């Protein structure tokens, strides 16, 4: 657990009233985000002049590209912009460190932003006001994937479907309501401090782990489907594999730490991988078993063709590759962490 968040601090929740800019701290965890960081910041600052009064921290994990230089260059235009060095690199550590070092005396709400995302006007203010109006401990929102390169487009077109994400409510969901988990956008800082912030031993899935602990002490999570963001998915098989293998490891750690059960959508990738592997091996002595991996491959091929036709773009042919990469890497990450825990 993080040591910079004071879990014993009295619970001071955000009031159900008009939220002033000084009551908000917005944070962007970043690591080598030179390609996206300026677009992200400009989208966050678009809208009400009040946004220029909201402290906006870029918690940089030691970028070796121009991320920090770009942010420093934007300070003249956005004087509320600050850089915070995050030596632990992880997103979980970035949020905890910012909450400990950059939250002012009047701060009641923490808004989490993703450097890979493009935000609607007044996003920060809308998240803070929605969280306060609902009286929620956390606010989560749907993500709508968009791509720039051909692979990113194929990835984006499949990830928000049941074949890609398994139908998770925060992946393109359209209905607002109370949920057990979602894509984190806003936190009531009183609740955040009460449960000790993010668990920094989680490099991935720290949001789901946080929501489990929050639920155990009675904190409520609200999904506001009216506040939506666009995010750019990974642009190569290698980067996508690394991302989802991390998600799988994080989920396995969650299961081990809290004794939680996998949902059906989380079980399917494991069954697909084990079934395909079994079919390949069994086909050496019983050839009809090859139908298992061929059937799975056929589903991915069919999905690719359907996505390409739907969007009238050959980029859609990458959809099946992206989906298969997500499934297999998630399953490998989950099983590897389950069988041989990393302890990190």
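The values are calculated or read from the model by the stated rules, or taken from the named source; none is laboratory data. Owing to the predicted nature of the structure, the values given are computational and were not obtained by experimental measurement. Glycine also receives a Cβ, built like all others from the backbone with ideal geometry; neighbour counts cover every protein chain displayed.
Computed values, structure above
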read-out: Only one of 274, 292, 281 that is modelled with pLDDT of 95 or more, outside any loop (DSSP other than H, G, I, E, B) and loosely packed, with under 13 Cβ neighbours inside 10 Å; value: 281
read-out: Unmet requirement for residue 268, which otherwise passes all of (1) part of a helix (DSSP H, G or I); (2) under 30 Å from residue 101 (Cβ atoms); value: (2)
read-out: Count - residues of region 184-224 that are part of a helix (DSSP H, G or I) and within 14 Å of the chain's Cα centre (by Cα); value: 6
read-out: Leading residue by the ranking (surrounded by the fewest Cβ atoms within 10 Å (Cβ to Cβ)) among those in region 214-224 that are touching a residue at least 24 places away in the same chain (Cβ under 8 Å) and in contact with a helix residue (DSSP H, G or I) (Cβ under 9 Å, 6 or more places away or on another chain); value: 220
read-out: Qualifying residue in region 85-97 (condition: more than 20 Å from the chain's Cα centre (by Cα), under 19 Å from residue 193 (Cβ atoms) and at pLDDT 95 or above); value: no
read-out: Qualifying positions in region 225-242 - touching a helix residue (DSSP H, G or I) at 6+ places or on another chain (Cβ under 8 Å), surrounded by fewer than 21 Cβ atoms within 10 Å (Cβ to Cβ) and part of a helix (DSSP H, G or I); value: 237, 241, 242
read-out: Filtered residues of region 34-79 (kept if out of contact with any strand residue (DSSP E or B) (no Cβ under 9 Å at 6 or more places or on another chain) and at positive phi); value: 47
read-out: Residue that is surrounded by the most Cβ atoms within 10 Å (Cβ to Cβ) [pool: residues in region 262-271 that are touching a residue at least 12 places away in the same chain (Cβ under 8 Å) and within 17 Å of residue 338 (Cα to Cα)]; value: 269
read-out: Those residues of region 309-322 which are in contact (Cβ under 8 Å) with a residue 40 or more places away in the chain and farther than 18 Å from residue 269 by Cβ, in sequence order; value: 310, 311, 313, 314, 315, 316, 317, 318
read-out: Condition check for residue 77: assigned to a loop (DSSP other than H, G, I, E, B) and modelled with pLDDT under 95; value: no
read-out: Flag if residue 118 is surrounded by fewer than 20 Cβ atoms within 10 Å (Cβ to Cβ) and in contact with a strand residue (DSSP E or B) (Cβ under 9 Å, 6 or more places away or on another chain); value: yes
read-out: Conditions (1) closer than 20 Å to residue 341 by Cα; (2) touching a helix residue (DSSP H, G or I) at 6+ places or on another chain (Cβ under 9 Å); (3) without any contact (Cβ under 8 Å) to a residue 24 or more places away in the chain: number failed by residue 259; value: (2)
read-out: Pick from region 83-103, criterion buried (at least 19 other Cβ atoms within 10 Å of the Cβ) and out of contact with any helix residue (DSSP H, G or I) (no Cβ under 7 Å at 6 or more places or on another chain), ranking: farthest from residue 25 (Cα to Cα); value: 90
read-out: Subset of region 243-256 [under 17 Å from residue 338 (Cα atoms) and either loosely packed, with under 15 Cβ neighbours inside 10 Å or within 18 Å of the chain's Cα centre (by Cα) (or both)]; value: 244, 245, 246, 247, 248, 249, 250, 251, 252, 253, 254, 256
read-out: Selection from region 107-130 of residues that are within 24 Å of residue 180 (Cβ to Cβ) and either within 18 Å of the chain's Cα centre (by Cα) or modelled with pLDDT under 95 (or both); value: 110, 111, 112, 113, 114, 117, 123, 127
